[in-house]
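One structure below.
The values are calculated or read from the model by the stated rules, or taken from the named source; none is laboratory data. Computed from a predicted model, the values in this text were never measured in an experiment. Glycine also receives a Cβ, built like all others from the backbone with ideal geometry; neighbour counts cover every protein chain displayed. Accessible surface is based on the protein model in full, side chains and every heavy atom, while ligands, DNA and RNA are left aside. Shrake-Rupley method; radii C 1.70, N 1.55, O 1.52, S 1.80 Å.
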Amino acid sequence: MEWKAVKNFLLVLLFIMNVVLGYFNYQQYQQNVLTSSQERAIYEVLSQNRIILYTDLLTKFPPMRKLSLSAPMYSRDDMKQQFFAQEEATITVEFNKTIITSENKVLTMEGNKGELVFKNGTRESKTTTLNEARKEAREFVETISKSNGNHFEVGNVQEIEGGYKVTFFQKYKGVYVFANGFEVYVGEKGISRVKLNYFNTEGFTGDKKDICFSDEALLTFLIEIEKERQETNTYETVTIQKMELGYDFQEMEDLKIENAAKLVPCYRIYVLGRQQPYVINAYTNEIIKQI
C-alpha cells in the first residue's frame with residue numbers, strides 16, 4: 001500500500017510539473033508572438049506616415065543563432081560544367097576574374113560573385129508576364145542548383161525597365177540565407193543575365209538570442225524613410241511590397257578574415273520602385289547600410 005501511495009503521489013507530482021512547464025512554455029511562446037493589437041497599431045502608424053504595407057506581417061519571432069559561412073572553393077572546370085554543360089567554351093583569366101565564353105553565353109566570376117550574360121536571350125522574342133518571368137527564372141535556378149544539392153526559393157519579383165528581376169535565396173533549414181542567391185533578369189527574349197552570389201553554408205553557431213519583432217523593425221524603417229524625406233525634400237507615399245526574415249551580413253564587408261563569416265538574423269524590406277531592399281539587423285534593430 002505504501003508503494004502504491006508513493007506511486008500515486010509521483011504521478012500527481014509529474015502532472016503538476018507538466019502543467020507548470022506547459023504554462024511557462026505558453027508564456028514563452030506568447031512573448032515571441034506579435035499580438036493582433038500590435039499588428040493593428042503598426043498598420044495605423046505607417047498609414048499616418050504615408051507608408052502602405054502591401055504584404056502580410058511576420059508574427060512569430062523565436063530566438064535565433066548566427067549562421068556560419070565559408071568562401072567557396074571551385075575549379076574553372078567545375079564552373080564550365082555547371083553553366084555550359086556540353087557547349088564549347090574558352091576560359092580566360094584577368095587578374096582575379098575568371099571569364100568563360102561560349103557562342104551564346106559569357107560567365108564572369110570573381111570570388112563568390114558572378115554574372116552570366118546570355119548574348120541573345122534564351123528564347124524567341126515575345127511579351128512576358130510576371131508569372132511567366134517567375135516560371136522561366138525558377139526553371140533556370142532549379143537546373144543550376146541541382147548539381148550542388150542546395151535549395152533556392154523565390155524571394156522577390158520586381159518589375160524593372162524592360163522586364164522583371166526575380167530574386168532567389170537559399171533556404172537552409174527553413175530560413176532564408178540572403179548572402180546566397182540569384183538575381184535573374186527576364187525580358188522579351190527570356191533571360192538576359194543572371195547575377196549570383198554564393199558561399200558554403202557551414203551551419204548555425206553560438207547561442208540563441210532574442211530578435212526584434214517585425215513591428216519594431218518597421219518603426220526603424222519608418223525613421224529611415226523620414227530621414228530620406230527630409231534630406232531630399234520629397235514626401236511621396238512609400239509602398240512596402242514584401243518583408244522577409246533571414247540571414248545576412250552584419251556589415252557588407254564581413255568576409256575578409258580567414259575566408260569565413262558569421263551572418264546575423266536580418267529583416268529585408270522591399271519598397272515599390274526601389275531596386276535594393278532596406279536591411280535591418282534583427283538583433284540590434286539597426287539599419288545595415290548597403291555599400
Filter the stretch 118-141 down to residues that are surrounded by 16 or more Cβ atoms within 10 Å (Cβ to Cβ) and among the β-branched types (Val, Ile, Thr) and give me whichever is farthest from residue 82 (Cα to Cα).
128
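Does the stretch 42-71 hold any residues that are among the polar types (S, T, N, Q) and part of a strand (DSSP E or B), and which are they?
Taking the stretch 42-71 first, the residues among the polar types (S, T, N, Q) are 47-49, 55, 59, 68, 70.
Within the stretch 42-71, 68, 70 meet the criteria.
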Please list, ordered by first then second residue, the pairs with beta carbon atoms under 8 Å, 6 or more apart or interchain, first in the stretch 208-235 and farther than 14 Å from residue 266 by Cα and in contact (Cβ under 8 Å) with a residue 24 or more places away in the chain, second open to solvent by 20 Å² or more (accessible area, probe 1.4 Å) and in a helix (DSSP H, G or I).
219/45; 222/45
Of all residues in the stretch 149-178 being touching a helix residue (DSSP H, G or I) at 6+ places or on another chain (Cβ under 8 Å) and in contact (Cβ under 8 Å) with a residue 24 or more places away in the chain, the one that is nearest to residue 125 (Cα to Cα):
163
I need a count of the residues in the stretch 265-277 that are of a type outside the set (A, V, I, L, M) and within 13 Å of residue 214 (Cβ to Cβ).
4
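For every residue, the table says whether it meets (1) surrounded by 14 or more Cβ atoms within 10 Å (Cβ to Cβ); (2) over 18 Å from residue 221 (Cα atoms); (3) of a type outside the set (Phe, Trp, Tyr).
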position: 46; (1), (2), (3): yes, no, yes
position: 56; (1), (2), (3): no, no, yes
position: 60; (1), (2), (3): no, yes, yes
position: 66; (1), (2), (3): yes, yes, yes
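Looking at 228, 244, 216, 251, which one is at pLDDT below 90 and not β-branched (Val, Ile, Thr)? Talk me through it step by step, then tell me what you get.
On the way: 228 fails: at pLDDT below 90; 244 fails: at pLDDT below 90; 216 fails: at pLDDT below 90.
The conditions single out 251.
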If residue 196 satisfies every condition in (1) under 21 Å from residue 150 (Cβ atoms); (2) touching a residue at least 40 places away in the same chain (Cβ under 8 Å); (3) in contact with a Ser or Thr (Cβ under 7 Å, 6 or more places away or on another chain); (4) not hydroxyl-bearing (Ser, Thr, Tyr) but one, which is the exception?
(3)
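Quick one: would you say residue 201 is hydroxyl-bearing (Ser, Thr, Tyr) and either under 23 Å from residue 60 (Cα atoms) or in contact with a Gly (Cβ under 6 Å, 6 or more places away or on another chain) (or both)? Write out each step before concluding.
On the way: hydroxyl-bearing (Ser, Thr, Tyr): yes; either under 23 Å from residue 60 (Cα atoms) or in contact with a Gly (Cβ under 6 Å, 6 or more places away or on another chain) (or both): no.
Criteria not met by residue 201.
Quick grid of which residues meet (1) open to solvent by 50 Å² or more (accessible area, probe 1.4 Å); (2) more than 20 Å from residue 185 (Cα to Cα); (3) part of a loop (DSSP other than H, G, I, E, B); (4) touching a helix residue (DSSP H, G or I) at 6+ places or on another chain (Cβ under 8 Å):
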| position | (1), (2), (3), (4) |
| --- | --- |
| 73 | yes, yes, yes, no |
| 80 | yes, yes, no, no |
| 83 | no, no, no, yes |
| 92 | yes, yes, no, no |
| 98 | no, yes, no, yes |
| 109 | no, no, no, yes |
| 116 | no, no, no, yes |
Residues of the stretch 69-127 being in contact (Cβ under 8 Å) with a residue 12 or more places away in the chain and of a type in the set (Asp, Glu), which ones?
87, 88, 103, 110, 115, 124
